[in-house]
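Student: What follows is a single structure, and I will ask about it in a moment.
The values are calculated or read from the model by the stated rules, or taken from the named source; none is laboratory data. Note that this is a predicted model, so its numbers are computed, not measured. Here the Cβ is made from the backbone with ideal geometry for all residues, glycine too, and neighbour counts use every protein chain on show.
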Amino acid sequence: MKLRFYLALWAGKLAMWVLKLFGNEWDDRPGILMYRICPDFLKYVKKPRYTVAVTGTNGKSTVTALINDLFTAMGVRTSFNVWGANLKAGHCYLMAKSVDIWNRPLVDACILEADETSSAANMGALKPDTFIITNISRDSLRRNGHPLYIKECIERAVNLMPKTTVILSADDPISCQIQPKKPIYTAMDANDAFSLGPMPDYRIQDFSVCPRCYHKPQYEHHHYLHIGKFVCPHCGFASPEADYEGTSFDPESGSLTIVEKDGTKTTYQTGANSIFNAFNYVQVIAYFRSIGFTHEKLQLLMDRAKIPASRETDEVVNGITLSTRLCKGQTGSSASTLFEHISRTSENLELVLMVNEEYGSIDAHETISWLYDTDYEFLNKENIKRIIIGGPNYADYAVRFRMAGIPQERFVCIPDEDKLVDHVTFDGIDHIYVLHECDLVTKGRECKEKIKRKLIKAGRRAMIGSGKGGVK
Amino acid sequence: MKIEFLFPELVTLYGEKANVEYLAKCLPQAQIVTTKLTEGPAFAIRQDNKAAAITPPDFVYIGSMEEDFFEAAIAALKPYKKALEKYIKSGRIFLATGNAIDIFGRTIEWKDRVYPDGHIADCTIEGLGLFDLKSVVRRDYSRHNSWYYGEFEGMKILGHRSTFSRQYGGEKDPFIQTLGGFGMNDETKQEGVHRDGFYGTTLLGPLLIMNPPLTKYLIGKMTERGARPADTDPAKAAPPVNLFEEKWVMEAYENRLSYLSKPGARYEMGALG
C-alpha cells in the first residue's frame, strides 16, 4: 500500500507541475489520478499541524477563505484550494500540495471545503482535527435531494471521526440533529427587531415539524429561513446552549461581539455586512479560539479576513451603486436569503438575474421546481423597479413573477441572455444588482462592466444635454 | 368549490405546493383547506364541526415529502382509507405528485435506511394499499434525475423526476404513457397510476404549472364544465377554462414541449447542478 501511495503522490505531483507549466493550476485532475492509483490516498497522506474541513449548504467557501486569510495573517503556512474543489479529487490535490515527495508536511495548516453529500468517505479517511458544519438547508434537488438526506450524509462523516472537534450552529435545527462526540456550538442572539418579530412565511420550510414528534416547533428568535433559536414545545427538542454566541452585530460597521461560554466578551471588527456573514465569522472565531489563539491576536488581525470578492463586489458610478452578488441557482435557500436581504432596503433597485446554470445556451432547459422554492415574493416591492432575466426558461420566470404578484411592467423576461443589459435603465435608480450563479462569476462581472459602460455613456449624454459639456 | 391540501407541514419539497397555489390563482373563488397531520382530512368530512369541512372537497392534493415522513403520512390517512376509496370512486379529483405516490401503494421497501441512532438496516413500510404498487427507496447516490415526455388522453405531459424511489407494478391502473424518458422504473413505459378520480405521478414540475392542458382538463373535470382534451370534436367542447397567466404558461409549455419532443432529445439529467 505504501508503494501505491508514493506512486500516486509522485504521479500527482508530476501532473500538478505539468499543469502549472501550462498555467492551469486550478485543475483537480491530478487528484483524480492520485485516488485512482491509490484509493486510500487521503488516509496515508500526512496531515499538517492544523487540518480543518468545512461543510454545509451555504457559507463553505466564505468560511474556508476567512480561515485561510487569518492563518496567513498570523504567518501560518497554509494549503487551500481557493477555487473550491470540494470533492475527493480536490482534497487529494490539496493534501498532495501540502506535503513533499517524501510525504513530509510543507505547510502548517490545511483548509478544505467538503461537499456535503460526499464528505463521509473523504472525511472518514482524512480525519481532520476540526470539522465545521456551517448550516444545512435544501440545495439542488438533483444532487442533494432534501435537507434530511444532506444531514444523513454529514452525520455519516461525523460518525467516522469521533476524535474530531465538530463546530456546528446551535441555531440550525437540522445540523443540531447530528450528535458529535466533541461538539462546539455557535449561535447568534436576537440581533434586531426583525429577529424578534413574526417569522416571515417563507416558501422553504425546512423545519416545519419537529423531526422527533412531528409537532410544530417554535422560535424564540430567528434570523433567516429556519435559522434561529428553536424549541419544540411538545418533546423539548431545542437549540443547544452555545459555546460562542454573537450577542450584537452591526451590519454597517461589521462590529461583532461574541460571548464565550465562560462569559468572556470580545468585540471584533469584521467584514460581515449581513447576518449570514456574521454567522460565518462566529464559526471562524470559534475555530481559532478552540485551537488556542487569543482574542487579542484575532482582534488585531481580523481586518485581514475578507469575504471573497467572487461573492460580492460594489462600486459607485455616476451616483448609482453597481453590485454583483453570488446567487446560487437550482436551490431556493440561497436565493431566498439574498432576496430577503435585498428587499429590506428602501433604495430604488434594478435587478439583473443570471441564475441559469447553463448560461447562453438556447437549448438547455433547466428544472423550474426551485423557482417555486424561492421567495420571489420578496421582490414584489414598489422600490424594485425592474427585474431583468433571460434564457430558455424566460416564460417560466414570467409565470413565477406573476405568481409572486409582481406586475408585468416591473419585469423583463427575454430568451437571449446576452441582451440583458439592453434592458437596464437608470432613471430614478439608486442601486443595480447583478445576481449571478456560482459558475457565472466572470459573466456576472462582465455584465456589470457592460452596465457600467452604458451608465458612463448615459452620464456623458446627460451632461451634453444639460449644456455642461462632455467628459473627456 | 373546495381544494384540500394534505399535510402542508410535510409537503414542503421542490416547490410542489405551487400546484395548489396555481389552482387557487386559476379558481379565485375556490376555498383552500389545509389539513395537518393531526387533523382528519376534509375528504372524509371532518368530525370537528369546522364549517369549512361540511362539504367534501372537489380536489385533494398531496406532494413530495422527505421519506422520513412516509410513516407519519400513512398513519394519518390509514383511519380514513375507506373514505378515501369512496372519494376517489366518486370521480372527484385526488392528485398525488412526486414521491407522495409511494404512500398509496402496497409497500415501500427502504434499502439501507439510516435510523436516528445511526444503525443502518433495510425496512419495509406498509402503504395504504390503494394500488398494486411497490416502491423501492435507495437514499444514496443512485438518486434518479430525468426529464419526462409522455401522453395522457391525447395531451402531451411534461415534467421531470428527481427521486430516491422507483415504483413497480400498478399495470392495472395506468396513468401516463411514456414517449420520451423513463417510466416509473427503468423497465416500464408506464408513469403513474390513475383510477377514477385518482391521478398519481412521480413527476415534478410543479406539474400543474408545467402542463396547462392537463390543468385545464382537471379543472374541467372538477368544475363539470366539460373541458375536453384538445383532440376531441371542438363543437362538443364546453366553454374553455381560463388559466392564470395563460399566455405565459402556454409559452413556457410550448418551449419545453419543442425541446423534449424533438428527435434525439436528452432525457437523462446529470446529478450535478
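Student: When you go through (1) closer than 17 Å to A:Leu112 by Cα; (2) in a helix (DSSP H, G or I); (3) charged (D, E, K, R) one by one for A:Lys20, which number turns out not to apply?
Tutor: Exception for A:Lys20: condition (1).
Student: Taking helices (runs of 4 or more DSSP H) that fall entirely within the range A:105-212, which contain at least 3 residues that are in contact (Cβ under 8 Å) with a residue 12 or more places away in the chain and under 20 Å from the mean Cα position of the chain (by Cα)?
Tutor: A:141-144, A:147-159
Student: Show the residue pairs that are 6+ apart or on different chains and have beta-carbon atoms under 9 Å apart, the first residue being within the range A:443-472 and within 19 Å of A:Gly390 (Cα to Cα), the second being at pLDDT below 70 and aliphatic (A, V, I, L, M).
Tutor: Listed by first residue and then by second, the contacts come to nothing, as the list is empty.
Student: So, one more: Quick check, is A:Ile291 over 15 Å from A:Thr266 (Cβ atoms) and not assigned by TED's automatic domain parsing to the domain that holds A:Glu446?
Tutor: Judged against the criteria, A:Ile291 is a match.
Student: Considering the range A:72-117 alone, what residues qualify as being out of contact with any Asp or Glu (no Cβ under 8 Å at 6 or more places or on another chain), more than 14 Å from every other protein chain (Cβ to nearest Cβ) and among the hydroxyl-bearing types (Ser, Thr, Tyr)?
Tutor: Hits for the range A:72-117 are A:Thr72, A:Ser79, A:Ser98.
Student: Which condition number does A:Val424 fail, the rest of (1) at pLDDT below 95; (2) surrounded by 16 or more Cβ atoms within 10 Å (Cβ to Cβ); (3) of a type outside the set (Gly, Ala, Ser) being met?
Tutor: Of the numbered conditions (1) at pLDDT below 95; (2) surrounded by 16 or more Cβ atoms within 10 Å (Cβ to Cβ); (3) of a type outside the set (Gly, Ala, Ser), the odd one out for A:Val424 is (1).
Student: Tally the residues that are closer than 21 Å to B:Tyr14 by Cα and part of a helix (DSSP H, G or I), restricting the search to the range B:54-112.
Tutor: Residues that pass the stated criteria total 15.
Student: Can you tell me which residue in the range A:278-310 is nearest to A:Gly246 (Cα to Cα), limited to those that are among the small types (Gly, Ala, Ser) and touching a residue at least 40 places away in the same chain (Cβ under 8 Å)?
Tutor: Going through the qualifying residues, I end up with A:Ala278.
Student: So for the range A:254-266 (the condition being under 20 Å from the mean Cα position of the chain (by Cα) and either within 14 Å of chain B (Cβ to nearest Cβ) or not charged (D, E, K, R) (or both)), does at least one residue qualify?
Tutor: For the range A:254-266, residues under 20 Å from the mean Cα position of the chain (by Cα) and either within 14 Å of chain B (Cβ to nearest Cβ) or not charged (D, E, K, R) (or both): present.
Student: If a residue must be crowded, with 16+ Cβ neighbours inside 10 Å and either within 9 Å of chain A (Cβ to nearest Cβ) or without any contact (Cβ under 8 Å) to a residue 24 or more places away in the chain (or both), how many such residues does the range B:113-138 contain?
Tutor: Residues flagged as crowded, with 16+ Cβ neighbours inside 10 Å and either within 9 Å of chain A (Cβ to nearest Cβ) or without any contact (Cβ under 8 Å) to a residue 24 or more places away in the chain (or both) within the range B:113-138 amount to 1.
Student: Since A:Tyr359 meets every condition but one in (1) within 13 Å of chain B (Cβ to nearest Cβ); (2) at pLDDT 95 or above, which condition does it not meet?
Tutor: A:Tyr359 satisfies all of (1) within 13 Å of chain B (Cβ to nearest Cβ); (2) at pLDDT 95 or above except (2).
Student: Continuing with the same structure: Please enumerate the residues belonging to the range A:171-187 that are small (Gly, Ala, Ser) and either in contact with an Asp or Glu (Cβ under 8 Å, 6 or more places away or on another chain) or facing chain B (nearest Cβ under 10 Å) (or both).
Tutor: First, pick out the residues of the range A:171-187 that are small (Gly, Ala, Ser): A:175, A:187.
Residue satisfying the conditions is A:Ala187 alone.
Student: Could you tell me which residue of the range B:76-112 is nearest to the other protein chains (Cβ to nearest Cβ), considering only residues that are farther than 26 Å from A:Glu152 by Cα and of a type in the set (Ser, Thr, Tyr)?
Tutor: Looking at the filtered set, the residue picked out is B:Tyr80.
Student: From the residues in the range A:118-142 that are within 14 Å of chain B (Cβ to nearest Cβ) and touching a Ser or Thr at 6+ places or on another chain (Cβ under 7 Å), which one is farthest from B:Asn99 (Cα to Cα)?
Tutor: Residue satisfying both the conditions and the ranking: A:Ser119.
Student: When you scan the range A:424-431, do you find a residue that is more than 13 Å from every other protein chain (Cβ to nearest Cβ) and in contact with a helix residue (DSSP H, G or I) (Cβ under 8 Å, 6 or more places away or on another chain), even just one?
Tutor: Looking through the range A:424-431, at least one residue is more than 13 Å from every other protein chain (Cβ to nearest Cβ) and in contact with a helix residue (DSSP H, G or I) (Cβ under 8 Å, 6 or more places away or on another chain).
Student: Kindly indicate whether B:Ala42 is in contact (Cβ under 8 Å) with a residue 24 or more places away in the chain, touching a strand residue (DSSP E or B) at 6+ places or on another chain (Cβ under 7 Å), buried (at least 16 other Cβ atoms within 10 Å of the Cβ) and closer than 27 Å to A:Ile406 by Cα.
Tutor: Values: in contact (Cβ under 8 Å) with a residue 24 or more places away in the chain: yes; touching a strand residue (DSSP E or B) at 6+ places or on another chain (Cβ under 7 Å): yes; buried (at least 16 other Cβ atoms within 10 Å of the Cβ): yes; closer than 27 Å to A:Ile406 by Cα: no.
Answer is no for this residue.
Student: Select from the range B:139-155 the residues that are in contact (Cβ under 8 Å) with a residue 24 or more places away in the chain and either within 12 Å of another protein chain (Cβ to nearest Cβ) or acidic (Asp, Glu) (or both) and list them in ascending order.
Tutor: Of everything in the range B:139-155, those that are in contact (Cβ under 8 Å) with a residue 24 or more places away in the chain and either within 12 Å of another protein chain (Cβ to nearest Cβ) or acidic (Asp, Glu) (or both) turn out to be B:Arg139, B:Asp140, B:Tyr141, B:Arg143, B:His144, B:Asn145, B:Ser146, B:Trp147, B:Tyr148, B:Tyr149, B:Glu151, B:Glu153.
Student: Go through (1) within 14 Å of chain B (Cβ to nearest Cβ); (2) in a helix (DSSP H, G or I) and name the single condition A:Lys328 misses.
Tutor: Going through the list (1) within 14 Å of chain B (Cβ to nearest Cβ); (2) in a helix (DSSP H, G or I), A:Lys328 breaks only (2).
Student: Please enumerate the residues belonging to the range A:188-214 that are facing chain B (nearest Cβ under 10 Å), surrounded by fewer than 19 Cβ atoms within 10 Å (Cβ to Cβ) and touching a Leu at 6+ places or on another chain (Cβ under 9 Å).
Tutor: Within the range A:188-214, A:Ser208 is the sole residue that qualifies.
Student: Now for a separate question. Taking the range A:393-419 as the region of interest, how many residues are basic (Lys, Arg), touching a residue at least 12 places away in the same chain (Cβ under 8 Å), touching a helix residue (DSSP H, G or I) at 6+ places or on another chain (Cβ under 9 Å) and surrounded by fewer than 23 Cβ atoms within 10 Å (Cβ to Cβ)?
Tutor: 1
Quick grid of which residues meet (1) closer than 21 Å to A:Ile111 by Cβ; (2) in a helix (DSSP H, G or I):
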{"position": "A:His222", "(1), (2)": "no, no"}
{"position": "A:Glu245", "(1), (2)": "no, no"}
{"position": "A:Ser253", "(1), (2)": "no, no"}
{"position": "A:Thr257", "(1), (2)": "no, no"}
{"position": "A:Tyr268", "(1), (2)": "yes, no"}
{"position": "A:Ala272", "(1), (2)": "yes, no"}
{"position": "A:Phe276", "(1), (2)": "yes, yes"}
{"position": "A:Ala286", "(1), (2)": "yes, yes"}
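Student: Something else: Just a yes or no: is a residue in the range A:370-392 of a type in the set (S, T, N, Q), within 14 Å of chain B (Cβ to nearest Cβ) and in contact with a helix residue (DSSP H, G or I) (Cβ under 7 Å, 6 or more places away or on another chain)?
Tutor: Yes - at least one qualifying residue is present in the range A:370-392.
Student: Considering the range A:276-335 alone, what residues qualify as being among the aliphatic types (A, V, I, L, M) and within 30 Å of A:Lys261 (Cα to Cα)?
Tutor: A:Ala278, A:Val282, A:Val284, A:Ile285, A:Ala286, A:Ile291, A:Leu298, A:Leu300, A:Leu301, A:Met302, A:Ala305, A:Ile307
Student: Going residue by residue through the range A:44-59, is there one that turns out to be in contact with a Leu (Cβ under 8 Å, 6 or more places away or on another chain), assigned by TED's automatic domain parsing to the domain that holds A:Val107, crowded, with 16+ Cβ neighbours inside 10 Å and part of a helix (DSSP H, G or I)?
Tutor: For the range A:44-59, residues in contact with a Leu (Cβ under 8 Å, 6 or more places away or on another chain), assigned by TED's automatic domain parsing to the domain that holds A:Val107, crowded, with 16+ Cβ neighbours inside 10 Å and part of a helix (DSSP H, G or I): absent.
Student: Would you check if there is a residue in the range A:306-314 being more than 14 Å from every other protein chain (Cβ to nearest Cβ), assigned to a helix (DSSP H, G or I) and surrounded by 15 or more Cβ atoms within 10 Å (Cβ to Cβ)?
Tutor: The answer is no; no qualifying residue exists.
Student: What are the residues in the range B:1-42 that are assigned to a loop (DSSP other than H, G, I, E, B), within 9 Å of chain A (Cβ to nearest Cβ) and hydrophobic (A, V, I, L, M, F, W, C), if any?
Tutor: B:Leu10, B:Leu13, B:Leu37
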